[in-house]
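Colleague: Quick one: structure below, then a few questions.
The values are calculated or read from the model by the stated rules, or taken from the named source; none is laboratory data. Here the structure is a predicted model, which means the values were calculated and not measured. Reconstructed Cβ throughout: ideal geometry from the backbone, glycine too, with neighbour counts over all protein chains shown. Quick note on the areas: whole protein, heavy atoms, side chains included, nothing else; ligands and nucleic acids left out. Shrake-Rupley method; radii C 1.70, N 1.55, O 1.52, S 1.80 Å.
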4 protein chains.
Amino acid sequence: MPVPAPNLYPPFNIVRLSHVEYSVTDLGASRAFYVDTLGLQVTHEDDARIYLRAMEERGHHCVVLEQADKAEVGVLGFKLYDEPDLDKAAGFFALRGLPTEWVERPHMGRTLRVRDPWGIPLEFYVKMERLEPIHQKYRLYKGAKPLRIDHFNMFSADVDSAVAFYNEIGFRVTEYTEDDVSGKIWAAWMHRKGGVHDVAFTNGHGPRLHHTAFWVPNPLNIIDLLDLMSTTGYVGNIERGPGRHGISNAFFLYVRDPDGHRIEIYCSDYQTVDPDLEPIKWSLTDPQRQTLWGAPAPRSWFEEGSTFDGIKPVPSALTAQPIIAP
Amino acid sequence: MPVPAPNLYPPFNIVRLSHVEYSVTDLGASRAFYVDTLGLQVTHEDDARIYLRAMEERGHHCVVLEQADKAEVGVLGFKLYDEPDLDKAAGFFALRGLPTEWVERPHMGRTLRVRDPWGIPLEFYVKMERLEPIHQKYRLYKGAKPLRIDHFNMFSADVDSAVAFYNEIGFRVTEYTEDDVSGKIWAAWMHRKGGVHDVAFTNGHGPRLHHTAFWVPNPLNIIDLLDLMSTTGYVGNIERGPGRHGISNAFFLYVRDPDGHRIEIYCSDYQTVDPDLEPIKWSLTDPQRQTLWGAPAPRSWFEEGSTFDGIKPVPSALTAQPIIAP
Amino acid sequence: MPVPAPNLYPPFNIVRLSHVEYSVTDLGASRAFYVDTLGLQVTHEDDARIYLRAMEERGHHCVVLEQADKAEVGVLGFKLYDEPDLDKAAGFFALRGLPTEWVERPHMGRTLRVRDPWGIPLEFYVKMERLEPIHQKYRLYKGAKPLRIDHFNMFSADVDSAVAFYNEIGFRVTEYTEDDVSGKIWAAWMHRKGGVHDVAFTNGHGPRLHHTAFWVPNPLNIIDLLDLMSTTGYVGNIERGPGRHGISNAFFLYVRDPDGHRIEIYCSDYQTVDPDLEPIKWSLTDPQRQTLWGAPAPRSWFEEGSTFDGIKPVPSALTAQPIIAP
Amino acid sequence: MPVPAPNLYPPFNIVRLSHVEYSVTDLGASRAFYVDTLGLQVTHEDDARIYLRAMEERGHHCVVLEQADKAEVGVLGFKLYDEPDLDKAAGFFALRGLPTEWVERPHMGRTLRVRDPWGIPLEFYVKMERLEPIHQKYRLYKGAKPLRIDHFNMFSADVDSAVAFYNEIGFRVTEYTEDDVSGKIWAAWMHRKGGVHDVAFTNGHGPRLHHTAFWVPNPLNIIDLLDLMSTTGYVGNIERGPGRHGISNAFFLYVRDPDGHRIEIYCSDYQTVDPDLEPIKWSLTDPQRQTLWGAPAPRSWFEEGSTFDGIKPVPSALTAQPIIAP
Ligand SMILES: [Ca+2]
Ligand SMILES: [Fe+2]
Ligand SMILES: [Fe+2]
Ligand SMILES: [Fe+2]
Ligand SMILES: [Fe+2]
């Protein structure tokens, strides 16, 4: 299926991805990972939850860690432009027959909970509690010095359809991988906020969350994190990288949290605000697609992911396989 | 005057700043500076003009150098979102009694030339010739490895009014400097594309262009440029920096081209896409405003700038002075 | 066998490793690799040979490329402290019954050619033609911006004996790997010039040259080289890395030249001038020994190397195996 | 006076500079500066003294801070190669009629205290308590991530004579500044350990200690320190930089401790182990001598320094002046 033309006048205005809620099985272990190692800042914590933000964010949180019996993903959050966009979003999802619900969420204003057509739990809001800037409080920087949440990457059992749906609500494709045999889209990167992506979809057992990415200043911060993790008991949590992606041209590292939730540390992609930006097409058989420098990703990277609360993933009908490390 | 509330529904949709046209008195000398030293890529050149783009840009040009008897600035260009925005822009400027003209411009589609209320020549367009991506042609990177044009900074003889006007057409204030005595805005930074600014205004003899800035990957690219310039005959063209701005938190360097046009090399500011982003206020007497590390800017930096074609600058009524290096 | 105590009063004074002579089968292809890609500077070339130096070196060459039918290593060169050291070296090798010869070498003063006990061809000299400094000619920097030759790494079929011999001539062990089972030294790093090593020995089919390393300013130069190689036809020449070594704590990348000679790009090890520096011991079974971040080296890295002119390598009796990538 | 030929066979073997003892007037304030800000590690502390080491050092200390009524410098320490060197040093200084004394120093073996001909207190030792490596304990890195002490820079009222004396004891000149008018050496950089210098002498009211320098991994660590200092109350302690020196080609920053002792943060000079390394000559009137990028140093940098315990500095007869910032 060809990549759809961008929808320049979407039904409601999404500004950017905003936050993710992770269920974790040991809140203390997760705190050691996200706070003491990655370097996110605690904005609120109690016995059940820890709220985190990155260094240049003024919204209350980009990650919520919630103590639970099972590790999964509660919701993916997105910020909308203005209050009317919330009502337009509710109308859009209702018209599609998708679940919608107005929910109370701490630190947030009016919040709309929906499910996408495959059951991924999403929430939309306009107002979140705003905090004082800390990006110039350099005493607080540590770990990878995460500046902001950058994107979500999801396994999808039907990437063509996922791209069509998210394109309709305004996400624009910047790069994509095509399966040369079937002509289907094997993976796609789609943005709202002007970088390579706010969301990406990869063919596989889905829906599942493949990873959440955080933006850091430069590749040396990623090297700092590798040095720190490998000398503080986290060497086994390093899954892939460092490297430069062919797709997105970003410098990356993938690590796993104590429950296996995958986190990408990411920097150096490019600006995509032009509405006529031409998507870049890659072949699934191009060995430089994943890593410009040629190193293949490990099997775990293609197979493992976090389930979403309340949704059982299904296999993809598209069986085309990428290059996997031996 | 207080900073105005952002106009979330502007009369037409500006995507980003796009390009600048510089008149230069020795095209060969300018080529040596912009191409061989800064590292911009030539996309077209003839005896009269050189068109340049930065490494991640796909539009045909971000700088036009034009051979002339006098060094000045021809026009500041901005990309609009969609064709109807061009007509809305024409209507907006006409309604204000400001000059408007549809012009033919090489490599560009329909182009609207206007003047802002102080006479600054602006041009708006939607379509510019698109070129192949070169951001992964690493053999081409050189000099400061400029990735994209980032912003224009202008002297204004009435910053309060300039902020009001540009706010009305959708630019949103991210940071500003207030003169504590008069309560007037002494300088302001305003964006469309999600960084700290597409345009900034500084109190002074205006209108004049203070500088055009280019984004580079990280501070080491700025250090590379300093090393290169200081050993290839350009040591006298280094005006200020390197340093970190208090305002914007960006890492910067200011250099002068062979005609004295000021170029900033810039990186590491922050994402500003939230429409409810609170502007950060600085006092004119704060020594860390200009440079977080405390070093004052030289007198030339506050006094010298490039005139715009056809407009004679006037003094500002606001005589409040920043901290200037001895 | 335990690591020997350093010999603080060696029979002659070696200052540092100096140069390597590589036989290559296509001088033009090698020039494209070493000069246009790595960024070494040509100091002399003719139809048969190319002499190269790195950016902060003032001696005439650190690499000699020689057109030949077969790719191998001609000689490893070392600079001695003063003229009497040359005669002391000749006496030392003669006394051992090892081959010695005074040879004429272009661009070099009195030069002593010897073989070590395993046949590795070495040459010692005091004076080499000195060139003007170029370390501040920043226009010349390119590729990985190599600053100086850093070390040789050799396969040895008897590392314990190699360490004993090179220790006797003044090389001091900084780090080593022990085979826990046999108690033998599996690999050792030994220096003269105050870094982690001028020479290293690794257990294997030997003697062969495993690699020659060049020092670069920082890890970002290694990333630049990866980006350049992977977009100019050299992606298949990237063998291992980037990563941080456990041993030496250096940041590294291994690439192969067009004939398969292995080159390491290296930075960030530590100062070792203290004569009482305690060697650091690593276990062969420690997965962080090779790469602090845990990634194993590929099989080729353990098995392939360059033969020395005139010497047929033999297998090692020590069959202990390191961790190899699947 | 011309630079003397290097003394390749000095009377005793100095390995490197080792440590400095600073008297400080508020030990707590100094701890906040050296430990919490610069990032040195405490190896011992009590009410009267704090001992510090940098991240790759295994000797017990490179800085001793001592509570006192007056801020000055107690001693400059140097490590010798072997025990006999200590006795040779004692003989050398005694023969010159200079003060010598064997002293007891905590954490150190046999220690010889002497004065140089101008009264600078020096101490020589071979053995200092050795500590476990911490260079791979990345959790401990902070501030500028100092790796090792690099050099001392001293004001001298007679640089020609200082160079002659330190040359005699084995320090080799790498770069120097000549006063074109008098032909005298205005400043000189001299090394033992293979970098640009262990000691430097600058013309001025002397003897005084101009600064002690610490080596950091790369320029971004210096930028990190600037960001930290300028947002934690130390903006007034930033004196000069960042910049690249013409002399030494190093990247630098000068800061002042709470008592005014000057500390340089330094990286990226070059290897100087060749005994035939030709010194690089600079003219006092070359504006790129101090900073390759052209920025002059402030007046304080040329005039202020720390006195040595027991010695009153005297003016220099050489009145030639460098370029000073307005
Ligand atoms: Ca839940
Ligand atoms: Fe990602
Ligand atoms: Fe700017
Ligand atoms: Fe190596
Ligand atoms: Fe210094």
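Colleague: Between copies, how far does the label point of B:Lys312 sit from its twins, in nm, shortest first, when each point is 7 Å from Cα along Cα→Cβ?
Modeller: Ordered by increasing distance: 6.7, 8.2, 9.4 nm.
Colleague: Then there's this: Comparing the chain by itself with all protein chains present, which residues of segment B:205-224 are at least 40 Å² less accessible (probe 1.4 Å)?
Modeller: Listed by number, the residues meeting the 40 Å² cut-off are B:Asn218, B:Leu220, B:Ile223.
Colleague: Next question, about the same structure. Count the net charge of all other residues whose Cβ sits under 14 Å from the Cβ of B:Pro322, scoring Lys and Arg as +1 and Asp and Glu as -1. Mind showing how you got there, number by number?
Modeller: Working: positive: B:Lys184, B:Arg240, B:Arg289, B:Arg299; negative: B:Glu178, B:Asp179, B:Asp180, B:Asp286, B:Glu303.
Residues close to B:Pro322 contribute a combined charge of -1.
Colleague: Then there's this: How big is the Rg/Rh ratio for segment C:176-266, C-alpha atoms only, Rh by Kirkwood, two decimals?
Modeller: Looking at segment C:176-266, the ratio lands at 1.01.
Colleague: Here is a follow-up. List, by residue number, every residue in segment D:77-105 with a reduction of 20 Å² or greater in accessible area between the chain on its own and the complete protein assembly, 1.4 Å probe.
Modeller: Buried by the other chains: D:Lys79, D:Tyr81, D:Asp82.
Colleague: Tell me: how much accessible area in total is hidden between A and C, 1.4 Å probe, Å², nearest 100?
Modeller: The contact between C and A buries close to 1500 Å².
Colleague: Let me ask something else. Treating each Cα of segment B:145-307 as an identical point scatterer and ignoring solvent, apply the Debye formula and state log10 I(q)/I(0) at q = 0.14, 0.17 Å⁻¹.
Modeller: -0.69, -1.04
Colleague: If the reach is capped at under 20 angstrom between alpha carbons, list the aspartates and glutamates near B:Lys88, excluding any in the same chain fewer than eight residues apart.
Modeller: A:Asp274, A:Asp276, B:Glu101, B:Glu104, B:Asp116, B:Glu123, B:Glu168
Colleague: Turning to a different aspect of this structure: Which residues belonging to segment A:261-276 lose at least 20 Å² of 1.4 Å-probe accessible area when the assembly is complete, relative to their chain isolated?
Modeller: The answer is A:Tyr270, A:Gln271, A:Val273, A:Asp274, A:Pro275, A:Asp276.
Colleague: Rounded to whole angstrom, how close does the nearest chain D beta-carbon get to the axis mapping D onto B, and which residue is it?
Modeller: Minimum Cβ distance to the axis, with residue: D:Pro326, 3.
Colleague: A:Gly233 label points, 7 Å along Cα→Cβ, one per copy: pairwise distances from this copy to the rest in nm, shortest first?
Modeller: Those separations, rounded to one decimal, come out as 3.3, 5.2, 6.1 nm.
Colleague: Let me ask something else. How high is the relative contact order of segment A:14-131, given as a whole-number percent (alpha carbon pairs under 8 Å, six or more residues apart)? All intermediate terms of the calculation are to be shown ahead of the outcome.
Modeller: Values: 243 pairs, mean separation 31.4, N = 118.
This gives 27 percent for segment A:14-131.
Colleague: Percentage of Cα-Cα pair distances in chain A greater than 38 Å, rounded to whole percent? Please report the intermediate quantities before stating the final value.
Modeller: On the way: 4430 of 52975 pairs.
Tail of P(r) above 38 Å: 8 percent of Cα pairs.
Colleague: Can you give me the relative contact order of chain B as a percent, contacts being Cα pairs under 8 Å and 6 or more apart? It would help to have the intermediate numbers written out before the result.
Modeller: Working: 802 pairs, mean separation 61.8, N = 326.
Worked out over chain B, it gives 19 percent.
Colleague: What distance in nm separates the simple spin-label points at C:Glu83 and A:Ala48, each placed 7 Å from Cα in the Cβ direction?
Modeller: Here the answer is 8.7 nm between the modelled labels.
Colleague: Follow-up question, since we're still on this one. Only Cα pairs within less than 10 Å get springs; with that Gaussian network setup on chain B, which residue of B:Val199, B:Val314, B:Val255 has the largest fluctuation?
Modeller: B:Val314
Colleague: Restricted to Cα positions, what overall size does segment D:224-301 have along the principal axes? Three whole-Å values, descending.
Modeller: 46, 28, 22
Colleague: Which lysines does D:Lys70 reach when only Cα atoms under 16 Å apart count, and residues fewer than 8 places away in its own chain are ignored?
Modeller: D:Lys312
Colleague: Right, something else. In terms of the ratio Rg/(2.2 N^0.38 Å) built on C-alpha atoms, what value belongs to segment D:39-81?
Modeller: Expressed relative to 2.2 N^0.38 Å, the Cα Rg reads 1.24.
Colleague: Give me the 1.4 Å probe accessible area per residue for the protein assembly as shown, excluding ligands and nucleic acids, in Å².
Modeller: Numbers: 42010 Å² over 1304 residues.
On a per-residue basis, the protein assembly as shown sits at 32 Å².
Colleague: Suppose the Debye formula is applied to equal point scatterers at every Cα of the protein assembly as shown; what is log10 I(q)/I(0) at q = 0.04, 0.05, 0.06, 0.07 Å⁻¹?
Modeller: Treating every Cα as an identical point scatterer, log10 I(q)/I(0) equals -0.24, -0.38, -0.55, -0.76.
Colleague: Grab the other residues whose beta carbon is less than 9 angstrom from that of B:Thr307, score K and R as +1, D and E as -1, and report the net.
Modeller: Computed value for this residue: +1.
Colleague: Kindly provide the Kirkwood hydrodynamic radius of segment C:249-292 in Å, to one decimal, from all pairs of distinct alpha carbon atoms. Walk me through the intermediate numbers first.
Modeller: Numbers: mean 1/r = 0.0764 Å⁻¹.
One decimal place: 13.1 Å for the Kirkwood radius.
Colleague: Connecting C-alpha atoms closer than 10 Å in a GNM of chain B, tell me which of B:Gly204, B:Gly97, B:Gly246 has the biggest fluctuation.
Modeller: B:Gly97
Colleague: Accessible area of the protein assembly as shown with a 1.4 Å probe: how many percent of it is carbon plus sulfur? Don't skip to the answer; put the middle values down first.
Modeller: Values: 21900 of 42010 Å².
Carbon-and-sulfur percentage of accessible area, whole number: 52.
Colleague: Among the lysines, which fall within straight-line cross-link reach of B:Lys145, defined as a Cα-Cα distance under 17 Å, with same-chain neighbours fewer than 8 residues apart omitted?
Modeller: Leaving aside lysines fewer than 8 places away in the same chain, those within reach of B:Lys145 are B:Lys137, C:Lys142, C:Lys145.
Colleague: Just to be sure I understand: if I project the alpha-carbon convex hull of segment D:14-129 onto a plane and average over all orientations, what area do I get in nm²? Don't skip to the end; give the middle numbers.
Modeller: On the way: hull surface 29.3 nm².
Average of the hull's projected areas for segment D:14-129 equals 7.3 nm².
Colleague: Tell me which trypsin sites (Lys or Arg not before Pro) from segment A:73-168 have a DSSP coil assignment and no more than 15 other beta carbons within 10 Å of their own.
Modeller: When the trypsin sites (Lys or Arg not before Pro) of segment A:73-168 are filtered for loop state and at most 15 Cβ neighbours within 10 Å, A:Arg96, A:Lys137 remain.
Colleague: So what is the relative contact order of segment C:135-264, in percent, for Cα pairs below 8 Å that sit 6 or more residues apart?
Modeller: The normalised contact order for segment C:135-264 reaches 26 percent.
Colleague: Measuring label to label, 7 Å along Cα→Cβ, what does A:Glu132 give against each other copy in nm, shortest first?
Modeller: With the label placed 7 Å along Cα→Cβ, A:Glu132 yields 3.8, 5.3, 5.7 nm.
Colleague: Still on this model: In deg cm²/dmol, rounded to 500, what helix-only [θ] at 222 nm does chain B give when every DSSP H run of at least 4 residues adds -39500 (n - 2.57) and the total is split over its residues?
Modeller: Value at 222 nm, helices only, nearest 500: -4000 deg cm²/dmol.
Colleague: Quick one: net charge of D:Leu40's neighbours, Cβ under 11 Å, K/R +1, D/E -1?
Modeller: Residues near D:Leu40 contribute +3 overall.
Colleague: Pick from B:Asp286, B:Asp47, B:Asp224: which is most flexible by mean-square fluctuation in a GNM of chain B where alpha carbon atoms under 10 Å apart are linked?
Modeller: With Cα springs under 10 Å in chain B, the top fluctuation among B:Asp286, B:Asp47, B:Asp224 is at B:Asp47.
Colleague: Can you compute the charge dipole magnitude of chain B about its Cα centre, using +1 on each Lys and Arg Cβ and -1 on each Asp and Glu Cβ, nothing else charged? Give it in debye, rounded to the nearest 20.
Modeller: Details: 33 positive and 44 negative charges, 74 e Å.
Dipole of chain B, to the nearest 20 debye: 360 debye.
Colleague: P(r) for segment C:110-171, please, calculated from all Cα pair distances in 5 Å bins and given in %.
Modeller: Result returned by the calculation: 4, 11, 15, 20, 13, 12, 12, 9, 4, 0.
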